[in-house]
Every structure is written in C-alpha cells, then in structure tokens.
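The next block holds one structure in the form of structure tokens; read it before the comments.
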Amino acid sequence: MKPIDLQPVNPLEHPDWDAPLTRRPDFSFFHGAAWTNVLAVTYGFTPVWFAADNSLLPLMEVDSWLTGRRAIALPFTDECAPLGATEKDFQPLFQNVVEFGKARGWKSIELRGGRKFLGEAPASLSFYGHRLNLVADEQRLFENMDGSARQAVRKAEKDGVTVAVSQSEAAVRDFYVLQCQTRKRHGLPPQPFGFFLNIWRHILSLNQGIVVLASQRGEKIGGAVYFFLGGRAIYKYGASDFRRQHLRPNNLVMWTAMKWLARNGATTLHLGKTSLANEGLRKFKLNLGAVEERIEYVKYDLPANRFVVEDDAIAGWHNRAFRGMPVFLSRLAGELLYKHWA
C-alpha cells in the first residue's frame, strides 16, 4: 500500500475551522472546534485529526498511565464518524493511521461511527441513534409526537412545571446538581464539575449550546444540555429529580428545547446514543417522533493487528458500588477516573 505523508491536524490551531466544516454534508456538532476544545482543556487529550484528499478522520490521543495510550473518535462522544469518505479512499487512510499509531505506541484506535468505510470490519459496539426533523411548524412537531408524549407535556404544564432556556453559568451549576443525583441513581460517577464549566466557557457562552431547566415552585426538577452548530443540534445530557418524575419534567424540557432550537435555526435534533438494552429510553425517544438508526463503533487493536468486539459495559458491579456511595465520594471518583475512562 502506498504510504501517505500523514500530518496530524489540530482544529484548535485553525480559527476558521467551523466555517468550511459546516459546508460538508455529513458534519455534526462534535466535528466542530468547540467540543475538541472542551475535551483538550478538561482532560488534556491531544487532537490528532487526519486528512487525505476529501476524507477527514477525527481522533484524539488519550495518554493514561492507567489505561494506556490510544486514539478515540472522539472521547465521551456519541458519534463522530469520518467525513467525506468512501470505502475506497478511506481504507488506505486508515491503514496509514494504524502505522502512525504504532509509531506513537497506541494500544487501539476506536471510531465512533463510520464502520461502512471499513468493509467487513465488525462493530465493536452498537447503539440506537434517533434523529428528529425540526423543519415542520410547531403544531406539526407536536402532532408528530406519540399521544403519550403529548399527554405528558400537557400534564407537566397543568401541574405547574415551568421551563427556562439559558446559556448562563448559573444554569450549568443548577443542572450539575441534578446530574449528580441522576448519575448516582444510575450507579455511575458524575463527570467533573470542571468539565461542565468548560462546556459553559467554550460552548454555551459562544452561543453553541443551551441548558433547559424545569422547575416547580422554584425547585429545579429536571433539565437537559443541548449543543448546536450549522443548523444541527444534539441532545447531550439529561438529568432529573427522581422524586418529581411523576410531573413529567423531562417531556416538557424536550418539547421546549425542540421549539427553541427550531425557532433559532436548527433543522435536525440528534437525540444521542441509546444502549440496545435500554428499552425505556429508546421508547422515550421514539415517542418524540424520532427516526431510529444504528450507531456502530469500530475498534482496532494495534498490537494484535485486528478489529475487536466488546461488550457494552452499561451494567455491572460498579453500578451497585456507585449507587451506595455518597455524592461527594462519587464526585471525587469522577474527578480521578474520567481522564482514564475516556
């Protein structure tokens, strides 16, 4: 195979990175500079994107004394597929990146999307993805939702739940309190608060994201974080007070976000990835009128020179441990582990 003179590209060194990116038909928010900046500033990951002809392969190098050095596209990202690729031109690029990675001492390369460019390579992990078309008027958007979802929105409104859309640091702090509660309920440590603070600094304050918070009688009971770029939005994080779940705040939060995003130029809303085992979350997203798709990751083991298949570790002994842990200890665990977890 003819070698390609590969030179890593760092989006953070190109002030105009997003403008040409959004002219590509297959871009997403995660391909933009803001998300790469958050990951680099928070965890010290190094951007190592590669370009050849029209193909663009997003990667970040994670260098951890605990879990080793590896490349991921991209850490803590639902989906970030290669751009502008075809199977014919992507495979030589990928093989040259493999050689680059071996020289760097990478243990693996993980692509989060883009399996179709790698022929018979198996999916290392698979998820559901859901996408909403926001082009329709608000009445049609509401009618496209399942009857149970529309009823939940009306119930929340009737029970006095109010919703506010914000890009403020204070809103991020309010959301983080709910996020810690939700992660504990799911048996997972919360992300470091500094991560969310960097989301505010490098995404929300630059008008590329919003926090939507639901309240009742002045108490925050639910919320979500959304990002957007070039008319494409993604639902990234959601959290709620489980004791107020009967008020259906999450439904009203999502409906409010859909309206706000559509009014502010978004044409699509990606609802993130969903574990194949999480039928409840899958149903929630389908009830919003979303179209379902598959998100497939691919992982290449460099020392073994082969693609590998993994188990979705969404559930296990660690869930029980973190559920029983006080929030302050769980937060400390998140501060210590996330850089290595990636």
- Taking a ≥ b ≥ c as the square roots of the Cα gyration tensor eigenvalues, with a/c under 1.5 meaning rounded and otherwise prolate when a/b beats b/c or oblate if not, the range 206-342 comes out oblate
- Spin-label point model (7 Å from Cα, Cβ direction): what's the Ser64 to Asn319 distance in nm? 2.0
- Solvent-accessible area, 1.4 Å probe, carbon plus sulfur percent, for the chain: 51
- Residues of the range 273-291 with amide N under 13 Å of a point placed 7 Å along Cα→Cβ from Asp312: 273-283
- If the chain between Arg294 and Asn264 were fully extended at 0.36 nm per residue, the gain over the current Cα-Cα distance would be 8.0 nm
- Message: Give me the 1.4 Å probe accessible area per residue for the chain, excluding ligands and nucleic acids, in Å².
- Response: 46
- Query: Of the lysine pairs in the range 61-167, how many meet both conditions: Cα atoms under 26 Å apart, and a spacing of 8 or more in sequence or different chains?
  - Reply: 5
- With a Förster radius of 41 Å, plug the Cβ-Cβ distance of Glu157 and Arg23 into 1/(1 + (r/R0)^6) and report the FRET value to the nearest 0.05. 0.55
- 222 nm mean residue ellipticity, helices alone, for the chain (DSSP H n ≥ 4; -39,500 (n - 2.57); rounded to 500): -11000 deg cm²/dmol
- Query: So what does His202 come to for accessible area, using a 1.4 Å probe and Å² rounded to 10?
  - Reply: 40
- Query: For the range 92-228, what relative contact order do you get, as a whole percent, if you take Cα pairs closer than 8 Å and at least 6 residues apart?
  - Reply: 21
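The values are calculated or read from the model by the stated rules, or taken from the named source; none is laboratory data. Bear in mind that the values here come from a model prediction, so they are computed numbers and not experimental data. Every residue, glycine as well, gets a Cβ built from its backbone with ideal geometry; the counts of neighbours run over all protein chains shown. All accessible areas refer to the heavy atoms of the entire protein, side chains included, with ligands and DNA or RNA removed. Shrake-Rupley method; radii C 1.70, N 1.55, O 1.52, S 1.80 Å.
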